[in-house]
Amino acid sequence: MAKNDFALAFNEVLEEKQLAKDVVISAIESAMVSAYRRAVNASTAQHVEAKLDPETGVVTVYAEKEVVEDSVVDERTEVLLDEARKVNPETQPGDMVIVESTPADFGRVAAQTARQVIQQRIREAERSNQMEYYQRQEGEIVSGLVQAINAQGITLGLEMKAEGVMPNNQRIPGEKLKLHDRVRAVVIEVKDGTRGPQIILSRAHRNFLRRLMENEVPEIYHGIVEIRAIAREPGARAKVAVSATQAGIDPVGACVGQKGVRIQAIVKELHDEKIDIILWDADSVAYISKAISPARVTGVYLTEEERTATVVVGEDQLSLAIGRDGQNARLAAKLTGWRIDIKSLSEAAGDSLAKLKGDAELQNMLKTAVEVMPQVEEILAKKAENRPITPEEFHVIEQFVDRVERRMILAKEEATREEDERLAAARAEIPVTAFSMPLDQATELKEHVFNILTEAGYETVGQLMFDMKTDQNKVLGLAGIGGKAIQNIEETLAALTFPEPVAEPKVEEAAEAVVAAEPVAESAPAVEVPAAEKSAEKKKEPKRAAEEQEEDGEVSKDGVNLDELFSIKPEMFQATEGSEEDSDDKKKGKKVKKKGVALEFDESLGEVVSRKKHKRDDGSDEEEKW
């Protein structure tokens, strides 16, 4: 093959297979090594390598051979000394050297033998590239042509000569696709298969709708509008909650577009699937009210513990709120994460009336509601007889339901709060150390009782004491626990003693103790230490005080925090030692003689020094610095 012909063919393979140049060269060279081994029947233990010139297409094979001095017995594994020294002049007989070993007719043999190997290597490289590419595309939209339609699903031809499979449960119901149709879908999973990557596609997944909205709405793509939640029933209806991350942006309007142009493009792609765009709200009541749209909501009443929302709508809005086969209510529940119970106004009024009649305590709290009970009963009777009801009468029912339902919610919240307070009080009565004491330390427990409690999950004495105080029936309900076992548990817990928890010193107290325990240098004259300092010194050793001070600043060899001392102005060091003891003696009515030791800042030394005054014989003072 001429030089240009080979270069053209080589580049054509690179472009067709979409592979890197070094990948194809490596595949051809590996194939040539395999062809050489097969052509000369060489051992697999022998080192063989091949080099391809991508410009000319010439392949040169090199093999490792033993150097012999006289004659060659096996040309496959031996080479003469003269030939070997052309490669390495310092070669000696018996050495191993890599020399050129290209057979005379290797071009023809290699073309026949290496063809299959080259194709296999290139195919493996293709699969590896496909796998890496589509793993990066997971969760993104790809486009492909329908290649086959069968009972299991649809096969799409994708980029890089890959194939994707769309199972029937990932198709939009009612959508009919034909061969050679161009289809968009989202990649939901990529697996490594025997025949290349298995790419699973979907048009029914909610992320397909999310990616379509990102493509059609620039505000979503740039993060100005955020998609908070998506609930979707493919081919029928979808609800999308959106919010704006910047002030002054209408998220719903941005998604709908001018005259609905943006949302209509998405609806068309989804086989005329209806899409409701609603405004996300941090207030659950407002959020649920909007999620029920297009129905108008009269009231929403939440039960936080059960995460249930009772939604009351007008008589004419009930079917719209529920939707066909409950679709609207179902999507609203998925979107908000609340269990939604939709009631008509008359049904809610009947339930509220029954609650009020059966609860005397509730009647005492809702005097106004009790007064309108006869009127509500009369309106409900008219409704049952299909007689017309005036707007004023509907308003009366709305107010009645709102009062009763809100009062019921408050009562539940109060009951929950009281229960929490009761449990907190019961826990406070139990020693703190009981919750860290293993149950096996309650040695008076009978063996079978201990085993039952351990199997039930009781690990500490505190857990058992808490349940015995708050809900003894929980323990009594365990299999094998009866009256005698409860008595044994009560007697055992009553006999236990708990050590007092060791209180850690407060930071302020520790700091005071450190200052009070300030040690005196050995070279200093003897100075009387006040009683308060002696007691503090006993409580905390100077070494420990110095270690604690090192965390806050530099510490001198005497354990004094220099950072703290030098943050104080020099003129502040006029306090005399023994002032703390003096104040105590003054309170007791004793006369106190002030000591002559004072702390002062020496500007020449740049540090704090202590000065002690001594009386001279002539009556004047002499200062000694130490």
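Miscellaneous remarks
- If the condition is being surrounded by fewer than 17 Cβ atoms within 10 Å (Cβ to Cβ), under 17 Å from R184 (Cβ atoms) and among the charged types (D, E, K, R), then segment 253-290 contributes K268, D272.
- Scanning segment 215-227 for residues that are surrounded by fewer than 18 Cβ atoms within 10 Å (Cβ to Cβ) and under 17 Å from G139 (Cα atoms) turns up N215, Y221.
- Test: residue in segment 219-230 that is more than 21 Å from R171 (Cα to Cα), hydroxyl-bearing (S, T, Y), outside the structural domain of K334 (by TED's automatic domain parsing) and part of a helix (DSSP H, G or I): yes
- Among residues of segment 150-191 being in contact with a helix residue (DSSP H, G or I) (Cβ under 6 Å, 6 or more places away or on another chain) and surrounded by fewer than 20 Cβ atoms within 10 Å (Cβ to Cβ), the one that is modelled with the lowest pLDDT is M160.
- Criterion applied to A265, A333 was being under 17 Å from R228 (Cβ atoms) and in contact with a helix residue (DSSP H, G or I) (Cβ under 9 Å, 6 or more places away or on another chain), and the one residue passing it is A333.
- With respect to the conditions (1) among the charged types (D, E, K, R); (2) assigned to a helix (DSSP H, G or I); (3) crowded, with 16+ Cβ neighbours inside 10 Å, K382 falls short on a single one, namely (3).
- Residue in segment 402-413 that is within 36 Å of the chain's Cα centre (by Cα), within 28 Å of A360 (Cβ to Cβ) and among the acidic types (D, E) present: yes
- Just one of the listed residues (A321, A247, A241, A349) is under 17 Å from E219 (Cβ atoms) and outside any loop (DSSP other than H, G, I, E, B), namely A241.
- In this structure, T77 does not qualify as touching a residue at least 24 places away in the same chain (Cβ under 8 Å) and closer than 22 Å to I25 by Cβ.
- Scanning segment 257-269 turns up at least one residue that is of a type outside the set (G, A, S), at pLDDT below 95 and under 25 Å from I322 (Cβ atoms).
- Given (1) of a type in the set (S, T, Y); (2) at pLDDT below 85; (3) closer than 30 Å to G193 by Cα, number of the condition S128 does not satisfy: (2)
- Subset of segment 441-482 (residues that are of a type in the set (D, E, K, R) and in contact with a helix residue (DSSP H, G or I) (Cβ under 8 Å, 6 or more places away or on another chain)): E444, K446, E459, D467, K469, K474
- Lone unmet requirement of (1) closer than 25 Å to A236 by Cα; (2) of a type in the set (G, A, S); (3) touching a strand residue (DSSP E or B) at 6+ places or on another chain (Cβ under 8 Å) for A348: (1)
- Within segment 149-197, strands (runs of 3 or more DSSP E) holding 1 or more residues that are in contact with an Asp or Glu (Cβ under 8 Å, 6 or more places away or on another chain) and free of Cβ contacts under 8 Å to residues at least 24 places away in the same chain: 153-157
- Check on K383, out of contact with any helix residue (DSSP H, G or I) (no Cβ under 9 Å at 6 or more places or on another chain), more than 30 Å from T470 (Cα to Cα) and either touching a residue at least 60 places away in the same chain (Cβ under 8 Å) or of a type in the set (K, R) (or both): no
- Checked against (1) in a helix (DSSP H, G or I); (2) under 16 Å from S344 (Cα atoms), E361 passes all but condition (2).
- When residues in segment 38-58 are screened for being within 17 Å of R121 (Cα to Cα) and surrounded by 18 or more Cβ atoms within 10 Å (Cβ to Cβ), 2 of them pass.
- Boolean, S284 is polar (S, T, N, Q), within 30 Å of the chain's Cα centre (by Cα) and modelled with pLDDT under 95: yes
The values are calculated or read from the model by the stated rules, or taken from the named source; none is laboratory data. Keep in mind the model is a prediction, meaning the values are calculated, not measured. We place every Cβ from the backbone using ideal geometry, glycine too, and count neighbours over all the protein chains shown.
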